[in-house]
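Remarks on the structure that follows.
The values are calculated or read from the model by the stated rules, or taken from the named source; none is laboratory data. Just so it is clear, the structure is predicted and the values come from calculations on it, not from any experiment. Backbone-built Cβ (ideal geometry, glycine too); neighbour counts: all protein chains shown. To get the accessible areas, we keep the full protein, side chains included, count just its heavy atoms, and leave off ligands, DNA and RNA. Shrake-Rupley method; radii C 1.70, N 1.55, O 1.52, S 1.80 Å.
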Amino acid sequence: LIMSEGDNKTLAALRAIDSTAPLYYEIGRFIIWFATAENFFHLLLGFLAGLEESRARAIFGGMGLSDMMGNVQRLLRITVISDKNIHNIKSIIDRMQSIAILRDAIVHKHTELFTETLSASSMFSAKTRESIQVINTDIKNLNAASEDLGKIAMRIHLIVNPSYASHLSNETLKTTYSPWRYKSVQPDMPLKPRAIKNQKRSLPHRSSRR
């Protein structure tokens, strides 16, 4: 999941072809890992609901990520599982919601690529110029997001099938439960008028009476 020396050589080779090629490469990895993690939420829903596969597919199949996360949160209140797993699932949901902001911006907004950074904005779709939103990030943060998405998928897999841990190396398990790396980005609204704090309203000058 973590960028290796081989990955760095691949990015260097891509950069020799086109300065933005490494960024396209990381965007591709990011989109694939996001879809992978998103699909693992179907597995988690069926597990928490206590349903066999065919019933879980009939009920949750085709459900969007936002609805799935909402259902997971509701099922956590009525499902008997360990406190450790509850904490883990809540952490997974928080991380997925944070990364989804970036994913939605890249997929649905106007995205411009530079050598090491990207900027996604609603410059053409916003209802007003003042409501235009912009999200900026860089290639390292995209890589960190992909790593976190891989951790999400594996953590869900281990919650549903804990015995699978016996097939994993200590290094893989250590990486899976290591701290999240992605630095959350929030939309900025550069054209929105800024409120001036602590501005004192000037009073009209009163001439003194004699």
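Is there any pair linking a residue in segment 61-81 that is at pLDDT below 90 and surrounded by 15 or more Cβ atoms within 10 Å (Cβ to Cβ) to one that is assigned to a loop (DSSP other than H, G, I, E, B) and of a type outside the set (D, E, K, R), with Cβ under 9 Å and at least six apart or on different chains, and which? Filtered contacts from segment 61-81: T79/G50.
Reported count of residues in segment 169-188, each being out of contact with any Leu (no Cβ under 7 Å at 6 or more places or on another chain), touching a residue at least 40 places away in the same chain (Cβ under 8 Å) and in a loop (DSSP other than H, G, I, E, B), is 6.
Report yes if some residue within segment 144-152 is at pLDDT 95 or above, among the polar types (S, T, N, Q) and either open to solvent by 20 Å² or more (accessible area, probe 1.4 Å) or touching a helix residue (DSSP H, G or I) at 6+ places or on another chain (Cβ under 7 Å) (or both); otherwise report no. Yes. For segment 175-192, a tally of residues being out of contact with any strand residue (DSSP E or B) (no Cβ under 9 Å at 6 or more places or on another chain), modelled with pLDDT of 95 or more and loosely packed, with under 15 Cβ neighbours inside 10 Å returns 3. All of I101, I93 fail the test of being closer than 25 Å to G64 by Cα, open to solvent by 20 Å² or more (accessible area, probe 1.4 Å) and modelled with pLDDT of 95 or more, apart from I101. Screening A58 against (1) open to solvent by less than 80 Å² (accessible area, probe 1.4 Å); (2) free of Cβ contacts under 8 Å to residues at least 24 places away in the same chain; (3) of a type in the set (G, A, S) leaves a single unmet condition, (1).
Under 29 Å from E53 (Cα atoms), among the basic types (K, R) and either modelled with pLDDT of 95 or more or surrounded by fewer than 20 Cβ atoms within 10 Å (Cβ to Cβ) (or both): does that describe R129? It is false that R129 is under 29 Å from E53 (Cα atoms), among the basic types (K, R) and either modelled with pLDDT of 95 or more or surrounded by fewer than 20 Cβ atoms within 10 Å (Cβ to Cβ) (or both). Any residue at all in segment 111-123 that's surrounded by fewer than 19 Cβ atoms within 10 Å (Cβ to Cβ), touching a His at 6+ places or on another chain (Cβ under 7 Å), closer than 23 Å to P193 by Cα and among the aliphatic types (A, V, I, L, M)? Yes, because at least one residue in segment 111-123 is surrounded by fewer than 19 Cβ atoms within 10 Å (Cβ to Cβ), touching a His at 6+ places or on another chain (Cβ under 7 Å), closer than 23 Å to P193 by Cα and among the aliphatic types (A, V, I, L, M).
Go over the candidates L51, L43 one by one and state the one that is closer than 18 Å to N85 by Cβ, open to solvent by 50 Å² or more (accessible area, probe 1.4 Å) and modelled with pLDDT under 90.
Values: L43 fails: modelled with pLDDT under 90.
Result of the check over L51, L43: L51.
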